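Everything on this sheet refers to the single structure shown next.
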Amino acid sequence: MADEAARDDHWDAEFLALVDRVRADARLAARHGLLGRYDEENDPDRGVGLFEAVAFQETSELSDSGWLNRHEAIVRLEARLAAMKAEATAGYEASLHGVSADLGRRHPEPGDREAEPGERRWVAGDLRSTADELALVWQMHKGAAMVRIHTSCELVHNFPATLRALEEGQLTERAAFTIVRELSVLDDPDARRAAETALLEWAGKHPLQKLKQEAQREAARRSPEARSKAHARAMDERSVRIFPNSDGTAELVHTHDALDAGAVMNSLTRAAARRRRQGDSRSMDQLRADIALARLLPRTDTRGPAESVDNADAGLHDDSTVGADATVAIHATGAEIRALIDGENSTGGTAEHYGPIPQESLRKHLTRALTQSLLGNAGRSRIGLRLSDEPPTGKPDRYTPDAATDRFVRLRDRTCQFPGCNQPAEFADVDHRVAFAEGGRTTTDNLHCLCRHHHRLKHEGGWVVTSNPDGTSTWASPTGRRYRTPPPDRGGSDPPESGPPR
Ligand SMILES: [Zn+2]
């Protein structure tokens, strides 16, 4: 039809223009390399020739437009690789197709094979999940790996046209994943396919920045319930998360219903405006942040505003605030505290949810904690200082570690000891590296902290842990691959993996 013919013409014209540009550049540059001679029609393996052309291109005398041609070629290769990565993910997922295990929200019947991609399931007697090992291979946080696994499997199994467009370099991975995420609310396969076709046609003619809104409109057009289903799905995933910045601050990200979030924002703005009218010199942004914090934290002062340490924040508290103990642990060694007192330059310690904190920040918090305790508010400080120095001897021949040993191990490990896991040691299990029944003793050397999930993975998932002389451990997965934990944290490493999800 006319439309299709126009589209074909459009693609042909674009392709010819690309070929023209590549050829023109080849003529311009004295030594153009292979990319100048790349001819898509002679590349039946879709990209193998292009990869060779890019990898072995002579770039020493490329013109500006030559560099841009190289970029265009690399973007196309990235799309091709992204399609291969999605297929490899779905392939690995299929290879672990076992009986779904306890998924927290559903109790599987024997023979139940309904596990969602990435979730735990029993495979040949082992507790496995694709997310555990793929996160290590991808060097990615497990939560982010889980999302990627879900989307990849959807793309490969339910969005063949989008996968093809990705393979051919007509979409970026981000665009393909957006299509999958927005259209997967459509349960009816015919409606999904129709929406996919319409969207790909649209994507060929428009800049991709608007793709998400167009995908949402397309889904809503095909199914009236799509929007409410997407909303319910998003509400199921509501959360409060913390993302450390590198400057001693952190982002606290809440996900709520849009109307509730808007109401919170309005309430903060009104309260901030009231304080501005009363002469508070802080900016609206600063006031909103301070008032939100005051509302979230339970009251720490019991003597009223006049004697409160944070006079500036007195009166920001909502009296209805009911909160549990609001403290955060800072792990430090005696040497680090001594350096702080002596005014020496060093990192201060390691804060829960954050990582190494600047000395100045530690000094400020310690001073505040000390002042509060002098004012008789002991135990109400926002920080809990955990000191770790000499290991206690404990009772090696008793299965359960005594209180001092348990405390020392948690302070030393600070997080779960599975590679890449950031679960705080405070909430973890203290586990024997070599099982007590197999001769392992209850000593600090033979104990480590594991979150419940990784504890189960070790005992039921076929992972084997060995200790290395430098204090690190090596985890061998059921596939035989080996992953090493980083050396014990003594304040010199980077903050934990961070950044809001893409
Ligand atoms: Zn863990």
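The values are calculated or read from the model by the stated rules, or taken from the named source; none is laboratory data. Only a predicted model underlies this, so the values are computations on that prediction, with no experimental measurement involved. Using ideal geometry, Cβ is built from the backbone for each residue, glycine included, and neighbour counts are taken over all protein chains shown. Accessible surface is based on the protein model in full, side chains and every heavy atom, while ligands, DNA and RNA are left aside. Shrake-Rupley method; radii C 1.70, N 1.55, O 1.52, S 1.80 Å.
At-a-glance table
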| quantity | calculated |
| --- | --- |
| Cα-based reach from Lys210 at 27 Å (exclusive), listing lysines while leaving out same-chain residues under 8 positions away | Lys85, Lys229 |
| Under 15 Å, Cβ to Cβ, from Lys210 - net charge with Lys/Arg +1 and Asp/Glu -1 | 0 |
| Residue-span extension gain [Ser63 to Trp202] - 0.36 nm each, minus C-alpha spacing | 46.7 nm |
| Approximate spin-label separation Leu18-Glu78, in nm, with each point projected 7 Å along Cα-to-Cβ | 1.5 |
| Solvent-accessible area per residue, Å², over region 75-236 with all protein chains present [probe radius 1.4 Å] | 51 |
| Debye, to nearest 20: dipole size of region 164-220, +1 on Lys, Arg Cβ, -1 on Asp, Glu Cβ | 240 |
| Of all accessible heavy-atom area on region 137-281, the percent that carbon and sulfur account for (1.4 Å) | 51 |
| Residue-span extension gain [Ala437 to Ala250] - 0.36 nm each, minus C-alpha spacing | 63.0 nm |
| Distance between modelled label sites at Arg363 and Ala88, nm, 7 Å Cα→Cβ extension | 4.9 |
| Stretch gain in nm, segment Ser239-Arg276, where the contour uses 0.36 nm per residue and the Cα spacing is subtracted | 10.2 nm |
| Cα lying deepest toward the dipole's positive end in region 75-236, options His206, Ala175, Leu134, charges on Cβ | His206 |
| Coordinate range along principal axes, alpha carbons of region 403-499, Å, largest first | 38, 36, 26 |
| Nearest-0.05 FRET efficiency for His157 and Ala55, computed from C-beta distance (R0 45 Å) | 0.90 |
| Label point distance in nm, Leu385-Asp445, each placed 7 Å from Cα along Cα→Cβ | 3.1 |
| Per-peptide average of other Cβ atoms within 10 Å, ordering 207-218, 455-466, 226-237 highest first | 455-466, 207-218, 226-237 |
